[in-house]
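Engineer: Dropping a structure here in structure tokens format, bear with me for questions.
The values are calculated or read from the model by the stated rules, or taken from the named source; none is laboratory data. Every value quoted in this text rests on a predicted model; they were computed, and no experiment measured them. Glycine gets a Cβ as well: all are built from the backbone with ideal geometry, and neighbour counts include every protein chain shown.
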């Protein structure tokens with residue numbers, strides 16, 4: 001993905017910003033219609049292990065709970081739109 005556009009989503013918690021998720025758009029010229037890959041940063045997940053699978057998990061979206069997987073939808077996830 002040479003032309004890919006990468007961005008990092010952060011969550012403000014405990015008085016500071018934390019890198020939570022990385023997104024990569026393989027065809028950025030297509031905007032939100034671009035294929036996308038995203039997943040939580042492993043350091044963020046490690047820092048929040050005790051919150052995984054709870055109502056108190058600090059996730060980027062209710063639809064994207066804390067997890068170790070990489071998602072690869074055909075377009076940008078709804079929480080960005």
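Engineer: Taking the criterion of being modelled with pLDDT under 95 and loosely packed, with under 12 Cβ neighbours inside 10 Å, would at least one residue in segment 32-47 satisfy it?
Structural biologist: No, every residue in segment 32-47 fails to be modelled with pLDDT under 95 and loosely packed, with under 12 Cβ neighbours inside 10 Å.
Engineer: Separate question: Among the residues of segment 1-25, write down those that are surrounded by 11 or more Cβ atoms within 10 Å (Cβ to Cβ) and more than 15 Å from the chain's Cα centre (by Cα).
Structural biologist: 1, 4, 13
Engineer: Let me ask something additional. Please work out if residue 57 is touching a residue at least 40 places away in the same chain (Cβ under 8 Å) and touching a helix residue (DSSP H, G or I) at 6+ places or on another chain (Cβ under 9 Å).
Structural biologist: no
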